[in-house]
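The structure appears below as structure tokens.
The values are calculated or read from the model by the stated rules, or taken from the named source; none is laboratory data. This structure is a prediction, so every number in the text was calculated from the model and none was measured. Every residue, glycine as well, gets a Cβ built from its backbone with ideal geometry; the counts of neighbours run over all protein chains shown.
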Amino acid sequence: MTKFQINRRDFLSTTAAATVMAGVSMPKLAFAADKVVKIGFLAPLTGAVAAWGKPGLDGCKIWADWVNADGGIKIGDDVYKVEFVAYDDEYDPSNARTGAVKLIKEDDVKFIMMLGGDPWPGAAPVAEKENMLVSTLLPSDLSPETKMLVAPCEVHPIYNVTGVEWLAENKPDLKTAVICAQDDSLGKPSVATYLAAFEAAGIEVLGDPIFFDPATTDFAPIMSKMLALKPDIICLDTCYADYVHPLTEQAFQQGFKGQMISCTADFYQKMVEKTSKEFMEGFIFQFPDFDDPKLNEPHVNFNKPNEFYAEYVKRFGEGEWGAVSWEYASIMDLWSDAAQRADSTDPEKVLEAMKVGGTGKQAFGEADWWGKELFGIDNALVGLWPVVVIKDGKAKIQDFKSIPAWWDKHKDLLIKHMEALDQMYYQRS
């Protein structure tokens, strides 16, 4: 095991992310029922990206317990209990391919949920051959060829425009920014999105975005290079949790006094502890705690968000809530609703029911099946997204901003920056 791997796993173990052996399937969440529908969970459960997999599986455990306690899902004349079968892809395409084969051939799952990104090309040929419905949290995986791949919850990276839009409206005196990101399939499209969002807001990006090797462990030089440009805003893009934490700590240690913005701030309480409430005050990101009272507004479709958060904290600890803790559960709401309307668990029939009418109940409101201009296919469910700011050490939703409204004004900017980084669907191999 390399030093890099040890550091990543050591960090994630503090976030309850590294709890399974790498490269093996997880135990099933089994139920005593005559009829069971199995759902595949193919995501990183260990390693550097586990913070965007393991908490989501934990959320699915709560979702399954609630649904099964209510008697299960009625599909046609039958009632099914739900069983999740998980496989750790370690954010690796070869593992994702192996996992997809196992979940489909051995476990007979009817739907597979993935984080997406680098592992998707490994699973894609298997899913296509077997005509399996798959969800991703990264719409940048979508292309005209991915007919059975959907992004029904998270619309990374385009939702990042909402944070910048809110920032420009509420802090118009901030005029310059710097950006850094890991050099991978998560970082690049997100950098393109932030570049477009800053340009639309009239905020100058100083220098070129800094792309660092994902094996980086010393973040002091990166922060020093960013601070040397004397920016008003530091943007941490869609950096992984174990990059956001040391980068934020370095900004604090090196005396930065300006604005910070990031796609995520998973386990932000630990950043507050290692810096200060004063330093983290005003930190902008895109993922709320679900005890937020704004999630009780009528347009929100997530089932009992405050109760879900309370149950999550009870089971796993308050500091373990992260960006994906609710997302896979939200996708399951859409899947179960579609399966019931289709009177079937057949992947093609469920997909047809899911997309009927061209709209769907995304977690934060009614949304459109969208994406043809950006992704080549209308398989992303896009609508409102929250802007979250840390206030007195606690994440608070400030507003729900419309992604389609921003796109209608600035789509040419986003396409321009996506093309510059070779991130448009017609540029990807």
Without any contact (Cβ under 8 Å) to a residue 60 or more places away in the chain and surrounded by fewer than 23 Cβ atoms within 10 Å (Cβ to Cβ): does that describe Leu236?
-> no
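A quick yes/no check of all residues on (1) surrounded by fewer than 20 Cβ atoms within 10 Å (Cβ to Cβ); (2) at pLDDT 95 or above; (3) not assigned by TED's automatic domain parsing to the domain that holds Ser344:
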residue: Phe11; (1), (2), (3): no, no, no
residue: Ala18; (1), (2), (3): no, no, no
residue: Ala33; (1), (2), (3): yes, no, no
residue: Trp52; (1), (2), (3): no, no, no
residue: Pro55; (1), (2), (3): no, yes, no
residue: Lys61; (1), (2), (3): yes, yes, no
Check on Ala367, without any contact (Cβ under 8 Å) to a residue 60 or more places away in the chain and surrounded by 22 or more Cβ atoms within 10 Å (Cβ to Cβ) = yes
The lone condition Val101 fails out of (1) β-branched (Val, Ile, Thr); (2) crowded, with 24+ Cβ neighbours inside 10 Å; (3) without any contact (Cβ under 8 Å) to a residue 40 or more places away in the chain is (2)
Looking at (1) at pLDDT below 95; (2) among the acidic types (Asp, Glu); (3) on the phi > 0 side of the Ramachandran plot, can you tell me which one Glu318 breaks?
-> (3)
Report whether or not Glu130 is at pLDDT 95 or above and in contact with a Phe, Trp or Tyr (Cβ under 7 Å, 6 or more places away or on another chain).
-> no
Filtering helices (runs of 4 or more DSSP H) wholly in region 243-332 for at least 1 residues that are farther than 30 Å from Leu227 by Cα and out of contact with any Pro (no Cβ under 9 Å at 6 or more places or on another chain) gives 305-316
Find the residue count for region 355-407, including only residues that are among the hydrophobic types (A, V, I, L, M, F, W, C) and touching a Cys at 6+ places or on another chain (Cβ under 9 Å).
-> 2
Given the conditions (1) under 26 Å from Lys188 (Cα atoms); (2) in contact with a strand residue (DSSP E or B) (Cβ under 8 Å, 6 or more places away or on another chain); (3) aromatic (Phe, Trp, Tyr), which single one is not true for Trp335?
-> (1)
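For every residue, the table says whether it meets (1) part of a loop (DSSP other than H, G, I, E, B); (2) surrounded by fewer than 24 Cβ atoms within 10 Å (Cβ to Cβ); (3) touching a residue at least 12 places away in the same chain (Cβ under 8 Å).
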site: Ala168; (1), (2), (3): no, yes, yes
site: Leu174; (1), (2), (3): yes, yes, yes
site: Ala181; (1), (2), (3): no, no, yes
site: Ala196; (1), (2), (3): no, no, yes
Sort through Pro119, Pro172 and tell me the only one that's farther than 22 Å from Trp369 by Cα, modelled with pLDDT of 95 or more, in the same structural domain as Asp237 (by TED's automatic domain parsing) and not aromatic (Phe, Trp, Tyr).
-> Pro172
Condition met for Thr238 (polar (S, T, N, Q), part of a loop (DSSP other than H, G, I, E, B) and modelled with pLDDT of 95 or more) = yes
Mind checking whether some residue in region 216-223 is in contact (Cβ under 8 Å) with a residue 12 or more places away in the chain, in a helix (DSSP H, G or I) and loosely packed, with under 14 Cβ neighbours inside 10 Å?
-> yes
Would it be correct to say that Pro386 is crowded, with 22+ Cβ neighbours inside 10 Å and of a type outside the set (A, V, I, L, M, F, W, C)?
-> yes
Looking at Lys372, Lys355, which one is without any contact (Cβ under 8 Å) to a residue 12 or more places away in the chain and over 20 Å from the mean Cα position of the chain (by Cα)?
-> Lys372
